[in-house]
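Peer 1: Quick one: the structure is below, questions incoming.
Just so you know, all these numbers are worked out from the coordinates, no wet-lab data involved. Predicted model only: the values in this text are computed from it and were never measured. Using ideal geometry, Cβ is built from the backbone for each residue, glycine included, and neighbour counts are taken over all protein chains shown.
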Amino acid sequence: MVDPADGFVPPVSLADFAALARAVLPPDVWDFVDGGSGAETALAANRAALDRVAVLPRMLAGVDDPSTEATLPGGRAALPVAVAPMAYQRLLHPDGEPALAAAARAAGVPYVASTLASTPIEEIAATGATVWFQLYWLRDRALVADLLDRASAAGCAAVMVTVDVPVLGRRLRDARNGFALPPHVTAANLPGGRDDLAHQGTPGVSAVAVHTGAVFAPALSWADLDWLRARTPVPLLVKGILDARDAARAADAGVDAVVVSNHGGRQLDAAPASASVLPEVVEAVDERCAVLLDSGVRGGVDVLRALALGADGVLLGRPLLWALAAGGRAGAEAALALLAAELRDALILSGCPDPASARRLRTRIGG
C-alpha cells in the first residue's frame, strides 16, 4: 500500500484518477493519452460493451478470503493483470516508465515495456519488475532483431508483438493540436535521430503519426510471425486480435497468448469493442493458448467481467497513466492496490475463491 507520508492521497475509484491527471497535464498531452481515432466510436464502445456484461454471482459459496493470484504467460502473478504497453510515459511524469514498472513490481504484476518507451529497456528492467517487451514491427528488420536481443539480454520474461498498427490510426485530437513530443521525451529504444520527426510540430498534423509512418512496417504478415516465433525462446503474445479466425491461426502458429484488443479505440474506429468479441476468440483458440483482454478496463469489476467471459487476464492501460501523472510511483502503486482490493471484493461478491473459478461464472449481455 502507499505510505501517506509520500504526500499522495489516493482516490476511491480508478476512474477518479482521470480528473486528477487532467488537472496537472497540458491539454495536448491529456488529449494524446485520452483520445481515440476518428469519431472515437471504438473508444466509447469499449466502455459500453463492458458495462453491458452482467455476471451471475454464485451464492452460499463460503468465500471470505479469496486469492487474487493467477497464471499468466511466463508464470504466476499476484493479479490476473499486466500493465499494458504504453509509449512515452515521461510525458506524464518525469520518472516515467521506471516509476510505473516499480509500482508493477510492488503489486506483483508484469509490466509491458513499449518499443516507444521514453526510457531504455535496460533501465526499465533494472527496476526488478517482471518485464515483458512489446514489439512494434519496424521497416528495419536488423533493428527489430537488435531490439529482441536487447530485451533478451535485459531479462524480459515475454515478448508481445502488436499487430494492429500497420499505420497509426487517424487521431484527430492530436492532429488538431499539432501534437509533437517535447525535446525531453524521446523514443529511447531507437537509435539516435530515429525519432526526429516526432519532435517536429506542424499545425494540423500529428508529429507522432508522421514518425511512426516513417519507421513502422505496414506489411506485417504471418510469415513474419513465424520468424518471430522461431526467434523467441520466451512466451510470445500477439496483441491486436479481434477476429476469431486470426486468433485460431495465431494459436496454430504456436503463440502463447493472444491479446484481444482494439488498441484502446485508437486504431480502426469501425472496430468492435474488445469485450464484445472476447467469447468468440476464447472459443476459437480452444485452450491452445492463453487469452487476455485489453481496452476499456477500468477496475476490479471489469477484471471479473473479463474472466467470466473466458479471459485468463487483462491488460490495464489508461488508468495507470492517469495515476502516474497524478502521483508518480506513489500514484501508480495506489491505483494497483485499489485494483487488487476491488477484485478481491468482486470475487467475494460473486462467490469465487480465485480468478480461475471466475472463468466458470455465467454472464448475461445487456443486464
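Peer 1: Quick one: divide the alpha-carbon radius of gyration of segment 28-106 by 2.2 N^0.38 Å and tell me what you get.
Peer 2: 1.54
Peer 1: Per residue of segment 202-213, what does 6.51 cos²θ - 1.76 cosθ + 1.60 with θ = phi - 60° give for ³J(HN,Hα)? Whole Hz please, x for Gly and Pro, Karplus curve as stated.
Peer 2: Working through the residues one at a time gives 9, x, x, 9, 7, 5, 5, 5, 4, 4, 5, x Hz.
Peer 1: State to the nearest 20 debye the size of the charge dipole of the chain about its Cα centre, where the only charges are +1 on K and R beta carbons and -1 on D and E beta carbons.
Peer 2: In total the dipole reaches around 500 debye.
Peer 1: Mind ranking 333-340, 70-77, 346-353 by how tightly packed they are, going by the mean number of other C-beta atoms within 10 angstrom, highest first?
Peer 2: Put in order of decreasing packing, that is 333-340, 346-353, 70-77.
Peer 1: Next up: Each label point is 7 Å from the Cα along the Cα-to-Cβ direction; what then is the distance between the points at residue 56 and residue 141, in nm?
Peer 2: Modelled inter-label distance: 5.2 nm.
Peer 1: Mind listing the phi-derived Karplus ³J(HN,Hα) values for segment 247-257, rounded to whole Hz, using 6.51, -1.76 and 1.60 with θ = phi - 60°, and x for any glycine or proline?
Peer 2: Couplings: 4, 4, 5, 5, 4, 4, 6, x, 6, 8, 6 Hz.
Peer 1: What residues qualify as long-range amide H neighbours of residue 8, i.e. H under 5 Å apart, gap of 5 or more or another chain, H built at 1.01 Å from N?
Peer 2: It is none; the list stays empty.
Peer 1: Which value, to two decimals, describes the C-alpha radius of gyration of segment 49-171 once divided by 2.2 N^0.38 Å?
Peer 2: For segment 49-171, the normalised Cα radius of gyration is 1.27.
Peer 1: Binning every alpha carbon pair distance of segment 208-367 at 5 Å from zero, what are the percents per bin?
Peer 2: Whole-percent P(r) values from 0 Å outward: 2, 8, 15, 17, 19, 17, 12, 7, 3, 0, 0.
Peer 1: Taking loop as defined by DSSP and a crowding limit of 16 other beta carbons within 10 Å, which GluC sites (Glu not before Pro) in segment 54-141 fit?
Peer 2: 69
Peer 1: Quick one: net charge around residue 356, please, counting Lys, Arg +1 and Asp, Glu -1 for every other residue with C-beta under 11 Å from its C-beta.
Peer 2: -1
Peer 1: Could you compute the FRET efficiency for residue 167 and residue 64, with r as their C-beta to C-beta distance and R0 at 51 Å, rounded to 0.05?
Peer 2: Efficiency for this residue pair is about 0.50.
Peer 1: Follow-up question, since we're still on this one. Grab the Cα-Cα distance for residue 270 and residue 337, subtract it from 0.36 nm times how many residues apart they are, and report the gain in nm with one decimal.
Peer 2: Between residue 270 and residue 337, full extension yields 20.7 nm more.
Peer 1: Could you quote the convex hull projected area for the chain, Cα atoms only and averaged over all directions, in nm²?
Peer 2: 16.8
Peer 1: Give the long-range amide H neighbours of residue 314: residues separated by 5 or more places, or on another chain, with amide H under 5 Å away, using H modelled in the peptide plane at 1.01 Å from N.
Peer 2: 81, 82, 293
Peer 1: Also, quick follow-up: Taking the Cα centroid of segment 136-199 and of segment 31-54, what is the distance between the two, rounded to the nearest whole Å?
Peer 2: Comparing the Cα centres of segment 136-199 and segment 31-54, I get a distance of 23 Å.
Peer 1: On the Cα set of segment 267-331, report Rg and Dmax in Å, please.
Peer 2: Expressed in Å, the Cα Rg and Dmax of segment 267-331 come to 13.8, 41.
Peer 1: Which far-off residues, 5 or more places away or on another chain, put their amide H under 5 Å from the one on residue 170, with H placed in the peptide plane?
Peer 2: Residues meeting the criterion, in which the H sits 1.01 Å from N, are 38.
Peer 1: Please work out the FRET efficiency for the pair residue 221 and residue 78, using the Cβ-Cβ distance as r and a Förster radius of 56 Å; give the result to the nearest 0.05.
Peer 2: That pair, residue 221 with residue 78, gives E of 0.95.
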